[in-house]
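This report refers to the structure that appears directly beneath it.
The values are calculated or read from the model by the stated rules, or taken from the named source; none is laboratory data. Keep in mind it's a predicted model, so treat the numbers as computed, not measured. Here the Cβ positions follow ideal geometry from the backbone for every residue, glycine too, while neighbour counts run over all protein chains shown.
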Amino acid sequence: MVLNIVLRHYTPSFLRAVYHEAYRFYYRTIGTLYRRCNSNTMSNVEFLKLTGFKTKAELVTNFKTRQKPLFFISSENQNTLTNLVKNNFPDSINTTIDSAEKVLNHTFDLLGSGEANLGQKIDWHLDFKVGRRWPLIHPKGIDVNEFDKPSDIKVPWELSRCQHFAALGKAYWLTKDDKYAEEFKNQVESWIKENPYGLGVNWLCVMEVAIRACNWIMGWCFFKESAVIDADFVHTFAKSLFQHGRHIMKNLENKGGVTSNHYLSDITGLVYLGFFSQNIEAGKKWRDFAISELINEMHKQINPDGMDFEGSTCYHRLVLELFFFPTLITVVNDDSFHGDYGVTARKIFGDEYVSKLYKMFEFVLYTLKPNGMMPQIGDNDNGRLHVFSDKEILDMRYLLDYGAIFFNESQFKLKEFGITEDALWIYGIEGFERWRKLPENSVHYLNSKAFPVSGIYVMRDDKTYIIVSCMSNGQNGNGGHNHNDVLSFELNVAGQDVIVDPGTHRYTGDYKMRNHFRSSTSHNTVVIDGQEINRFEEKRIFSMYNDAKPRVLRWEYSDGQWLIEAEHSGYMRLNETVIHNRVFIYCKGENKIRIKDRFSGEGKHKLAWNLILSPDIAAGLDISSKQLEWRKEDTFYSSAYGTINKTKKLTSKVDMTVPCDTTFELRIEPHRLSAII
């Protein structure tokens, strides 16, 4: 680790490149040969001895019939749950079966690929979007950022997360057709065969190993009672999951001083694996270690106001799931649990942990737009732990249901959203009844809300929603998932997006587009002299210099008017320094927002304003200013990882001598908003 720090900060870039290439060459050759000759796989006899069972039959009987551990899918409630889903979501039956049939046919739509058929035999190492196969070598010999090759390593990773097992499992329960269980079994066996332990891209990132284990265990809960799940499979399956657990423990992503969603995924996987393997001594140790680490990571990764410290609204969703599901599993397996999730959680995890978990749900409540979509502030890589229904990736209404039932909290029950199918699969009939008895809240009753530690501010009334980003670099200043969106905003009127953040597109395969989407020019703020608010190096795609250091000067409400004033020092590094100060004024009921930009400092500068328009909007937004003239330009918008569409942006470019100030006003008439045809 010390060597890596020295190389990164004190060694010329060409020497760093030589070192890393030599490092990868060693693992591509000698490391791969060594691992192939000294595989860490274990024999069936060795695994059986570890479990404490005398025979394979004894092991299989135990795993298929034991009452505990409990996960959120319980076969005891199968008929009740499927009837509940059929009664409340009748249209989802055909959707579920259609999704499962596509999985049977090996047709996947991942990370913007569109529906792609992978053939009779799934190639688990293939980036099928571009046809590149990642090599079956020692993982340390693989360079995930090969910028000269247009391939995205996330594609085989996403496929190997096996989140599609939920579609198979739901279809199996709804139809009781064993063909779905057969497909689950065949895919797991195929994956184990084609991914020898410790070799290839799917053992490279420990986070991916952990999320895969969680989804395999979820699949097991759906299929374990099927006659298709025979003794040989159970033994192979349990042994592979044990190897997953060993691999995670040996390669925990907690090095380098800052832990993030990767390490949180690791310990979430260990909670699942610990309960699943609780008859093995190592499994108990994994479970106890992971629960302890969840508590530590809640303290480190979640700000006091409830937002994930990485500075991304979409990563907040992933991190919330990574805390919520292992917490839920731990709670329902506790002997003292009798239906009150919050009480049992406080006993196990403590008040601070549970209070922060609550605030994480509260962050979702106030930042969701009136249409149930999450604004894209920072990176969006479609990250999820489990996927229980087909929906747009920014649709996060289901999280409020999770929080409403877990905390028995009526403020999370919004009548405009109703209950989601996801919540039924997680909580079953008892959870549905608990949700049903809660009083209703409404999006029209939600007030404006400040998250001052995180730097997120939401102004809203019953029709208009504005979210402003005043965030410092996340990850303790590293900014790995931040964008240059300081003093940028999104605007939604009457449930219709008007001004939007452009999204992320993708990480690897085209670093220039990665940098375009995180650039200052691609956000609804002001660019000075063509410079970035926070500098970044073009091929260091997961870090930014911590230049901007924004601060909020005022957050006020009086006489029906919301006001936020903030500024940043990102341009203090220029030869002639500038501080950008921006004031947002929103008057309730007037359908307008006034934005004042003030520039203090010195010299003559080129100032460029940008407003990214939703691709669904053609008219209905009036913009006026005495100092600025606006024109439309083409730009890009990405609503989900791997997708890209054209849209328009309003831009104004002016040469001004600092100090100076400008004002422009956005007037929105909801009845005039029209969509592009």
- prompt: Inside region 1-94, counting only helices (runs of 4 or more DSSP H) that do not spill past its ends, which hold 3 or more residues that are at pLDDT 85 or above?
  reply: 44-51, 56-65, 78-88
query: So how many residues does region 567-607 have that are among the polar types (S, T, N, Q), more than 22 Å from I467 (Cβ to Cβ) and in a strand (DSSP E or B)?
result: 1
statement: Considering region 66-97, residues that are out of contact with any helix residue (DSSP H, G or I) (no Cβ under 6 Å at 6 or more places or on another chain) and within 21 Å of R287 (Cβ to Cβ), and then whichever is surrounded by the fewest Cβ atoms within 10 Å (Cβ to Cβ), we arrive at Q67
Sole exception among (1) over 28 Å from Y545 (Cβ atoms); (2) out of contact with any Leu (no Cβ under 7 Å at 6 or more places or on another chain); (3) part of a strand (DSSP E or B) for L666, by number: (2)
- request: Working only within region 51-65, note down all residues that are surrounded by 17 or more Cβ atoms within 10 Å (Cβ to Cβ) and of a type outside the set (S, T, Y).
  value: F53, K56, L59, V60, F63
Residue list for region 98-133, filter: touching a Ser or Thr at 6+ places or on another chain (Cβ under 8 Å), crowded, with 18+ Cβ neighbours inside 10 Å and either assigned to a loop (DSSP other than H, G, I, E, B) or touching a residue at least 60 places away in the same chain (Cβ under 8 Å) (or both): G112, I122, W124, F128, K129
message: Please verify whether V578 is more than 23 Å from K632 (Cα to Cα), buried (at least 17 other Cβ atoms within 10 Å of the Cβ), modelled with pLDDT of 95 or more and hydrophobic (A, V, I, L, M, F, W, C), treating the condition exactly as stated.
response: yes
message: With the condition being over 20 Å from the mean Cα position of the chain (by Cα) and of a type in the set (S, T, N, Q), I'd like the helices (runs of 4 or more DSSP H) fully within region 146-205 carrying at least 3 qualifying residues.
response: 178-194
query: Do we find a residue being assigned by TED's automatic domain parsing to the domain that holds F361, aromatic (F, W, Y) and assigned to a loop (DSSP other than H, G, I, E, B) anywhere in region 315-335?
result: no
Failed criterion for N524 (all others in (1) assigned to a loop (DSSP other than H, G, I, E, B); (2) over 29 Å from E669 (Cβ atoms); (3) out of contact with any helix residue (DSSP H, G or I) (no Cβ under 9 Å at 6 or more places or on another chain) hold): (2)
field: Failed criterion for G455 (all others in (1) of a type in the set (G, A, S); (2) more than 24 Å from I499 (Cα to Cα); (3) buried (at least 20 other Cβ atoms within 10 Å of the Cβ) hold)
entry: (2)
task: Might you let me know whether region 282-299 holds any residue that is closer than 25 Å to A181 by Cβ, among the hydrophobic types (A, V, I, L, M, F, W, C) and in contact with a helix residue (DSSP H, G or I) (Cβ under 6 Å, 6 or more places away or on another chain)?
output: no
task: Confirm whether V234 is in contact (Cβ under 8 Å) with a residue 24 or more places away in the chain and assigned to a loop (DSSP other than H, G, I, E, B).
output: no
- request: Go through region 485-502 residue by residue and tally those that are of a type outside the set (V, I, T), over 25 Å from Y445 (Cβ atoms) and either surrounded by fewer than 24 Cβ atoms within 10 Å (Cβ to Cβ) or over 19 Å from the mean Cα position of the chain (by Cα) (or both).
  value: 2
- request: Would you mind telling me which numbered condition in (1) under 30 Å from E225 (Cβ atoms); (2) in contact with an Asp or Glu (Cβ under 9 Å, 6 or more places away or on another chain); (3) at pLDDT below 95 S99 fails?
  value: (3)
message: Can you find, within region 255-292, the residue that is nearest to the chain's Cα centre (by Cα) among those that are β-branched (V, I, T) and assigned to a loop (DSSP other than H, G, I, E, B)?
response: T259
message: Which of the numbered conditions does E440 fail, given that it passes all the others? Conditions: (1) touching a residue at least 40 places away in the same chain (Cβ under 8 Å); (2) surrounded by fewer than 18 Cβ atoms within 10 Å (Cβ to Cβ); (3) among the charged types (D, E, K, R).
response: (1)
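Are any of the residues in region 540-558 outside any strand (DSSP E or B) and over 29 Å from the mean Cα position of the chain (by Cα)? Before the answer, list the steps.
Here is the first cut: in region 540-558, the ones outside any strand (DSSP E or B) are 540-550.
Applying the additional criterion that residues be over 29 Å from the mean Cα position of the chain (by Cα) yields none.
Within region 540-558 (the criterion being outside any strand (DSSP E or B) and over 29 Å from the mean Cα position of the chain (by Cα)), the answer is no, since none of the residues qualifies.
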task: Need at least 3 residues that are exposed (fewer than 14 other Cβ atoms within 10 Å of the Cβ), outside the structural domain of M396 (by TED's automatic domain parsing) and of a type outside the set (A, V, I, L, M) per element, so show me which strands (runs of 3 or more DSSP E) inside region 621-661 make the cut, counting only ones lying wholly within it.
output: 631-637, 645-657
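Tell me the residue from I348, I393 that is closer than 30 Å to G480 by Cβ and among the aliphatic types (A, V, I, L, M), please. Steps first, answer last, please.
On the way: I348 fails: closer than 30 Å to G480 by Cβ.
Within the list I348, I393, the selection yields I393.
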